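The values are calculated or read from the model by the stated rules, or taken from the named source; none is laboratory data. Every value quoted in this text rests on a predicted model; they were computed, and no experiment measured them. Neighbour counts run over all protein chains shown; Cβ positions are idealised from the backbone, glycine included. Protein only, heavy atoms only, side chains kept; ligands, DNA and RNA dropped before computing areas. Shrake-Rupley method; radii C 1.70, N 1.55, O 1.52, S 1.80 Å.
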Amino acid sequence: MLQKATFRAHPDIALVKYWGKKDEVLRLPINGSISLVLDALETVTTVAFDPSLTSDQVMIDGELEVGEQSRVLQHLDRIRHRALERGVLSQPCYARVVSVNNFPKSTGLSSSSSGFAALTLAANRALGLELSDRELSILARQGSGSACRCIFGGVVEWLDGDTSETSYAVPLDMPKIAKIRDIVTIVSQDRKQLSSTAGHNLAPSSPFFAARQELLPQKIVLLKQALQVGDFTAIGELAEAEALEFHSILLTSKPNALLLYPGTVAVLHAVRRLREQGVVAYCSMNTGFNAHVLTLPEHEAQVIATLTTLPEVQKVIPSGLSKGPGELQQHLF
Ligand code: DP6
């Protein structure tokens, strides 16, 4: 039965990052990754399949998004194909999709992770597909790799897998870090110069990429141990080193990409100064200039006070861990 469905999903920040693909079409990552899904940032998406439509209609943040649109249309095709296979659709049927983000997209805050998670969840419900969490994660991954993690909340691991069926995310039960805070720090709302999708293809051209691959399995083991015991210093050190390593790959790819802005570097220095004063504060960045500052509730006020005095910082969005995506009864159209 076709119905209108609306889901809210949250983007994530990877502590060990997905960077490089072994299969570009299926979006199979070269390595596994671990992320925190953030409750303060969200994408809300309404989907309705309608036999009277003559084409898909996709609106993101009030605009017909030409760039993202084709990726969204490909994802709708993928989901339609699944619905035809399962017999829940008897013939192809176009959809109307309206999506809104409460944070600036294409600025390195992973709007595609929450966007493709919300789209997958809403389309699944709209078509009555009733896919399992694992199937949803596999499907979301094919829209945007990081979206496979945002089918869940909290701390999530993406198992790299060698086939589509074995490459999906699983939530990790990490009660000792339930209170971790991420101060999302906006230093610019420019559209970033390099999309993650394009960046993944450049990754193997860095002379340091092979060394990174060698060290990654051990990094994942160490991070999981630190998350398990709630060792915030170890988590923060690993996360910040990983973000810098990831940007080193960007800086040494051919062609190279310098995505760090003066504001990003100012935030990196500020968290170092905070650590010298005994404050738990560590920085991470994705493919972009905006930063995530990881801290603890008892240090949050001081971290925010320091960040907001930096002239380069436009806005901070304090966040905790998300409990996962959810269905909403209020639709966007
Ligand atoms: C640096 O998931 O956005 O944020 O699969 O091409 O859509 P596509 O890439 P995407 O890449 C995310 C890269 C990253 C690291 C991470 O989130 O793990």
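A few comments on the model shown:
- Across the protein chains, with a 1.4 Å probe defining accessible surface, the residues Phe246, Phe333 rank Phe333, Phe246 from largest area downward.
- Entries in Lys17/Lys105; Lys105/Lys179; Lys192/Lys315; Lys22/Lys219; Lys105/Lys219; Lys17/Lys192 that, when Cα-Cα distance is taken, lie over 23 Å: Lys105/Lys179; Lys105/Lys219
- Sequence of Arg134, Arg181, Arg96 when ordered by accessible area, the most exposed leading, probe 1.4 angstrom: Arg134, Arg96, Arg181
- Average accessible area per residue (Å²) across the chain - probe 1.4 Å, nucleic acids and ligands excluded: 41
- Of the whole protein surface, Ile30 contributes about 50 Å² of accessible area at a 1.4 Å probe radius.
- Label-to-label distance for Glu24 and Gln277 is 4.8 nm, based on points extended 7 Å past Cα in the beta-carbon direction.
- With 20 Å bins beginning at zero, the pair-distance distribution over Cα atoms of the chain amounts to 33, 57, 10, 0 %.
- With the whole protein complex present, Thr264 retains an accessible surface near 0 Å², based on a 1.4 Å probe.
- Degrees, to the nearest 10: 133-143 long Cα axis against longest axis of the chain: 80
- Using the Cβ-Cβ distance between Lys176 and Gln329 with R0 = 41 Å, the FRET efficiency computed as 1/(1 + (r/R0)^6) comes to roughly 0.75.
- Accessible area, probe 1.4 Å, largest first, for residues His299, His75: His299, His75
- Computed in the context of the full set of protein chains, the accessible area of the chain at 1.4 Å probe radius has 53% of its extent on carbon or sulfur.
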